[in-house]
There are 2 protein chains.
Amino acid sequence: MAASAEEQQGFHPLDEVSLVSYIKATPALAAPLGGRLDAPLTIKEVGDGNLNFVYIVLSDSGGSLVVKQALPYIRCVGDSWPMTRERAYFEASALQKHRALCPDHVPEVYHFDRAMSLIGMRYIEPPHIILRKGLIAGVEYPLLADHMSDYMAKTLFFTSLLYNSTTDHKKGVAQYCDNVEMCRLTEQVVFSDPYMLAKYNRCTSPFLDNDAAAVREDAELKLEIAELKSMFIERAQALLHGDLHTGSIMVTTDSTQVIDPEFAFYGPMGYDIGAFLGNLILAYFSQDGHADQANDRQSYKKWILKTIEDSWNLFQKKFVELWNKHKDVNGEAYLPAIYNSSELLSLAQKKYVKSLFHDSLGFGSAKMIRRIVGIAHVEDFESIEDPSKRASCERRALNCAKAILKGRRQFESIEHKSVRDEEDV
Amino acid sequence: MAASAEEQQGFHPLDEVSLVSYIKATPALAAPLGGRLDAPLTIKEVGDGNLNFVYIVLSDSGGSLVVKQALPYIRCVGDSWPMTRERAYFEASALQKHRALCPDHVPEVYHFDRAMSLIGMRYIEPPHIILRKGLIAGVEYPLLADHMSDYMAKTLFFTSLLYNSTTDHKKGVAQYCDNVEMCRLTEQVVFSDPYMLAKYNRCTSPFLDNDAAAVREDAELKLEIAELKSMFIERAQALLHGDLHTGSIMVTTDSTQVIDPEFAFYGPMGYDIGAFLGNLILAYFSQDGHADQANDRQSYKKWILKTIEDSWNLFQKKFVELWNKHKDVNGEAYLPAIYNSSELLSLAQKKYVKSLFHDSLGFGSAKMIRRIVGIAHVEDFESIEDPSKRASCERRALNCAKAILKGRRQFESIEHKSVRDEEDV
Ligand SMILES: Nc1ncnc2c1ncn2[C@@H]1O[C@H](COP(=O)(O)OP(=O)(O)O)[C@@H](O)[C@H]1O
Ligand SMILES: Nc1ncnc2c1ncn2[C@@H]1O[C@H](COP(=O)(O)OP(=O)(O)O)[C@@H](O)[C@H]1O
Ligand SMILES: [Mg+2]
Ligand SMILES: [Mg+2]
Ligand SMILES: [Mg+2]
Ligand SMILES: [Mg+2]
Ligand SMILES: [Mg+2]
C-alpha cells in the first residue's frame, strides 16, 4: 500500500502502544522520565474529548510527562471537520514563550516534534484538576485571582508594543499569522454561528429556543459583535493564549497552571482577559443549578464574584506596574521623551487600561453567549441535570452577557452591578 | 578589492550612464521602449530629493519608461540614515496589487529587480505634474475628488476583510510585516518626533517656536497621538499606500495617477484617507501665502474645500457601494446570514464608516502637525518666502489640526465647520 501524504511527511497518529516505542526512541524524554528510557511505562489517554489526544506517561523509575498529539481533524467532531496539525507548533511556541515570561504558571515543554505534531511537557500532577471542575465542585482557590492576574499581566504586557520594538513585534505577528485556521475556527464559533442559524448551534431546548432566536434577531448585539470580530482579526496587540477559559487552567489551592494555547495568535488583549472573566461569570450563574440541601452555594457565589473583581483589579495593577518598571526599555508605543511626567504617563495608562477593560467586557460577553447558544457548551451548565433549572441559569447568564456587551462602555469599574443585577431578576 | 556585501548580493547603484547598460541587458524593458533596445536613449534623473533615485528614460524609437532605484539609505538625509532597499520590493508589490484593483489610477510596473531594488514602470508623461505643485500653482482639478475617492475606495475595500477571507488577509499581513523599517520611519517622524525635542524637528522660527513647544506640552494631544500610533502599528485593516500625500499623486485635469507606495503595509484605512485629506487641508491654509494682486486665491480656496468634502463623501458612497455589491462574496467580517436585512447591513455600514471617518480625521491631523513642527515640511508652505506670512499660514493649519485631532469624535460629517472656523480666527 502506498504511504499516505501524512506518512510521507513523517506523521502517524499514536496510541497507548505505539507511544511507548516513540518515547523509547526519543532521548529528550529521558530526563523527565527519571533519567532513563528503559523502565516500564504506564500510559493513559486523558484528552477529554476536545481537539487533541493527551497521554499521561508514568515511568516505574518515578518520572512522568504528558504527551499531546494533534490529529488532522477536530477530535470531538471527527474527521468531517479537518483542522491543521500545525496548531501543535503554535501551542509549543506559545507555551515556550509564555513560560519564559511567567514560569510559575506555565508548564515546561520538554520536547516538540513538528512532523508528528507532538508536544512532550510537564505532567501537571494531582491534586491539580481542571479549574472548571473545581468551580463546579464548589472549591475555593484563594490564590487564583493573584495567579491569573500575574499570568495575564506578564504574558500580555511582555508581548505588546509597551515592551517590544515594532520590529520584534511584527516578527511575532508574521509568525503567528500562519495559525489562521485556528483563528477562523474562533471567528466561526464565537463571532458568527451564535448570531445566525448554523448547523452545530444548540441550546437547552425548548426552554431557550426563544432566547436563542432573540440573539439572532438582536440588531444592537449584532452591531457590537461585528466590531469585536473585526478587532479580533485585525488588531495585533499582544501574543494571546487564544483559548483562556476555565478548562485551560489546572489548579490546586496553591498552584495555577495554564495549558492548551493552540489558538495562540497576536490579537486584542481583551480577548484573553474576557475569556477568563467570562467563564468565571458562567461558573457564577451555574451555581444555583448545583445548590443542594447541604450547600446553597451562596457563599461560593460571593467568592466567585470576588475572584472576578480581584482578577481584573489585580491585573490592571500589575500591568501598570510592569509598564512603569519597563517604561525606559524597548517599547516604542509610549516614549519617555513624550510621556515625560508621571502625571501624563498615568493619564495615558488610565486611558489604555479603560479601553482594555471595555474590550475585555465585550469579548467576555461574546464568550458567554456562544457557550449558551453556540456549538460548544460548558460543563458548568451541562452538568445541571434538570433542563428547566439549567435553562434558567443559562438565561440569566445570557441576559447578563447581552447587557454587558451592549453597555460596557459605561462601565467604570469591575464592581459595576451588572452581574449582581441580573441575579436579582 | 573585495566585493562589498551589497555587490555580492547583486546590487549596485546606477547612474545615468550605467542605467543605459542595465536597460540594454533587460529584455522586459524593450516593449515600453518602442519594441527595441538598440535605439539611443535619453536619461534624466528627476528624483526630487526625497528617498530614492528616479530616472526618466526616453528612447529615440518613441517609447519611454521610468526607472526607480532604492539605495540603502534615505536620499535626502544621506547615508547617515540607512534604510532597507527592500522598500522597493514592497513598492513594486503594492503598485501591482493596487493596479490590479484600480488600473485607471496606478501606473503599470514593467519590471522589478529585487537584487537591484529597481522598478521599471510607466512614464507618467507631461502634462502630468505632482499634485502638490498644481495646488501651489492654483490649478483646479475637477476630477480629483472623483478619481481619488475611486482609488481609495477600491484599494482599501478590496484588501480588507470586507472582501477577503481571513486566510488571504493574514497572508498579506504576514508578507507586509517585513516592511517594518518603513513603518518605523513613519512612527518616528509622524507619531513621535513632533511631540518631543528631536534632532531633526524644525519650524518657521522664531515665529512658531512657542507653537511647537505647545505641541510638545499638550497632554490631551499626546494622549490622542498615542492612540493613533498604536492603531497604526497594531491594526491590519487593509493594504495601505502608506504615504498618500499630494506629492505621491500625479495629475492633469483628466488623469490622476498614484505613485510611490514604498511605505505600503497592512494598517488602518484612515491613515491613507487622512494623508490625502490632511494634505489638502495644508494646501488650503497655504493659499493666503500664495495670494497676490492678480489672484487672491479666494475662489481656489473654495475649490479645495469642496474637493476635501467631495473626496470624503464620494469615498464613503463608493466604499459602501462596493460593500453592497460584494457582500455575498468572500468577506467574512459581515456574513449575509447574520446581517440579513438591508436595514441591519446599512446600520453596520454607517457604524463602520463613521468610525473610519473619525480615524481619518485623526490621522489626517497627525499628518498636518508633523509637516509644520517635524522633520519633513511641505512645499505648499516652504514656497512662501516671507517667513512671517508663512508662519501665520502654518499656525492656522496647526490650530485646525489640533482642534480636529481633539474633537474628531464629535464630527458627524465632513461639512463640519472646523476648517472654515479656523479660517475666521
Ligand atoms: N500537562 C498536563 N498535565 C496534566 N494533565 C494535562 C496536561 N495537559 C492536558 N492535560 C489533561 O488533558 C486534558 C486535555 O488537554 P488540553 O490541552 O486541554 O487538550 P485539548 O486541546 O484537546 O482541549 C486537560 O483537560 C487535562 O485534563
Ligand atoms: N512613473 C513616473 N512617471 C513620471 N514621473 C515620476 C514617476 N515616478 C516618479 N516620478 C517623479 O519622480 C519624483 C520622485 O518619485 P517618488 O516615487 O515620489 O520617489 P521618492 O520615493 O523618492 O519620493 C516624483 O515626484 C515625480 O516627479
Ligand atoms: Mg470560552
Ligand atoms: Mg483544552
Ligand atoms: Mg485545545
Ligand atoms: Mg515620493
Ligand atoms: Mg517615496
**Single condition residue A:347 does not satisfy, out of (1) open to solvent by 30 Å² or more (accessible area, probe 1.4 Å); (2) within 14 Å of chain B (Cβ to nearest Cβ); (3) in contact (Cβ under 8 Å) with a residue 12 or more places away in the chain** = (3)
**Request:** Output the residues belonging to segment A:250-286 that are on the phi < 0 side of the Ramachandran plot and acidic (Asp, Glu).
**Result:** A:254, A:262, A:272
**Request:** Check off (1) part of a helix (DSSP H, G or I); (2) in contact with a helix residue (DSSP H, G or I) (Cβ under 7 Å, 6 or more places away or on another chain); (3) open to solvent by 10 Å² or more (accessible area, probe 1.4 Å) for residue A:354 and give me the number that stays unchecked.
**Result:** (2)
**Asked** How many residues, within segment B:290-306, are touching a residue at least 12 places away in the same chain (Cβ under 8 Å) and not in a helix (DSSP H, G or I)?
**Response** 2
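Condition first: among the hydroxyl-bearing types (Ser, Thr, Tyr) and more than 9 Å from chain B (Cβ to nearest Cβ). Now tell me which residues in segment A:315-344 satisfy that.
Once the filter is applied, which keeps residues that are among the hydroxyl-bearing types (Ser, Thr, Tyr) and more than 9 Å from chain B (Cβ to nearest Cβ), segment A:315-344 yields only A:342.
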**Request:** Please tell me if residue A:218 is closer than 15 Å to residue A:151 by Cβ and either out of contact with any Pro (no Cβ under 7 Å at 6 or more places or on another chain) or away from ligand 5 (no atom under 16 Å from the Cβ) (or both).
**Result:** no
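Residue-wise test of (1) within 25 Å of residue A:243 (Cβ to Cβ); (2) away from ligand 7 (no atom under 16 Å from the Cβ); (3) in contact with a Pro (Cβ under 8 Å, 6 or more places away or on another chain).
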site	(1), (2), (3)
A:338	no, yes, no
A:341	no, yes, no
A:374	yes, yes, yes
A:384	yes, yes, no
A:389	no, yes, no
**Request:** Consider residue A:260 carefully, then state whether it is touching a helix residue (DSSP H, G or I) at 6+ places or on another chain (Cβ under 6 Å) and either within 16 Å of ligand 1 (Cβ to nearest atom) or farther than 30 Å from residue A:392 by Cβ (or both).
**Result:** yes
**Exclusive hit being assigned by TED's automatic domain parsing to the domain that holds residue B:148 and outside any helix (DSSP H, G or I), set B:385, B:309, B:343** = B:385
**Prompt:** Are any of the residues in segment A:170-180 within 30 Å of residue A:289 (Cα to Cα) and of a type in the set (A, V, I, L, M)?
**Reply:** no
**Request:** Using the structure shown, decide if residue B:200 is over 30 Å from residue B:169 (Cβ atoms), modelled with pLDDT under 95 and more than 16 Å from ligand 4 (Cβ to nearest atom).
**Result:** yes
**Message:** If I ask for residues that are open to solvent by 10 Å² or more (accessible area, probe 1.4 Å) and either more than 20 Å from the chain's Cα centre (by Cα) or under 30 Å from residue B:233 (Cα atoms) (or both), which ones from segment A:278-299 would you list?
**Reply:** A:288, A:289, A:290, A:291, A:292, A:293, A:294, A:295, A:296, A:297, A:298, A:299
**Asked** Is it true that some residue in segment B:366-377 is closer than 21 Å to residue B:149 by Cβ and away from chain A (no Cβ under 14 Å)?
**Response** yes
**Prompt:** Just checking, how many residues over segment A:22-61 are open to solvent by less than 20 Å² (accessible area, probe 1.4 Å), part of a strand (DSSP E or B) and more than 16 Å from ligand 5 (Cβ to nearest atom)?
**Reply:** 2
**Complete:** Among the residues of segment B:312-340, the number that are assigned to a helix (DSSP H, G or I) and buried (at least 21 other Cβ atoms within 10 Å of the Cβ) is 5
**Item:** Criterion: at pLDDT 95 or above, within 16 Å of ligand 3 (Cβ to nearest atom) and more than 30 Å from residue B:181 (Cα to Cα) - qualifying residue of A:119, A:124, A:130
**Value:** A:130
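Conditions tested, residue by residue: (1) hydrophobic (A, V, I, L, M, F, W, C); (2) open to solvent by 20 Å² or more (accessible area, probe 1.4 Å).
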position: A:74; (1), (2): yes, no
position: A:78; (1), (2): no, no
position: A:92; (1), (2): yes, no
position: A:97; (1), (2): no, yes
position: A:107; (1), (2): no, no
position: A:113; (1), (2): no, yes
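So which residues in segment B:265-274 are of a type in the set (A, V, I, L, M) and within 14 Å of chain A (Cβ to nearest Cβ)?
Listed by number, the list holds a single entry, B:269.
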**Asked** Going by the structure shown, is residue A:64 away from ligand 6 (no atom under 16 Å from the Cβ), surrounded by fewer than 20 Cβ atoms within 10 Å (Cβ to Cβ) and not assigned by TED's automatic domain parsing to the domain that holds residue A:160?
**Response** yes
**Checking residue B:19 against (1) crowded, with 16+ Cβ neighbours inside 10 Å; (2) in a loop (DSSP other than H, G, I, E, B); (3) more than 27 Å from the chain's Cα centre (by Cα), the condition it does not meet** = (2)
**Message:** Checking the conditions here, which among A:380, A:359 is acidic (Asp, Glu), within 29 Å of residue A:237 (Cα to Cα), buried (at least 21 other Cβ atoms within 10 Å of the Cβ) and in contact (Cβ under 8 Å) with a residue 40 or more places away in the chain?
**Reply:** A:359
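The values are calculated or read from the model by the stated rules, or taken from the named source; none is laboratory data. Note that this is a predicted model, so its numbers are computed, not measured. Neighbour counts are summed over all protein chains in view; Cβ atoms, including those assigned to glycine, are modelled from backbone coordinates with ideal geometry. Areas reflect the complete protein model, heavy atoms only, side chains present, ligands, DNA and RNA absent. Shrake-Rupley method; radii C 1.70, N 1.55, O 1.52, S 1.80 Å.
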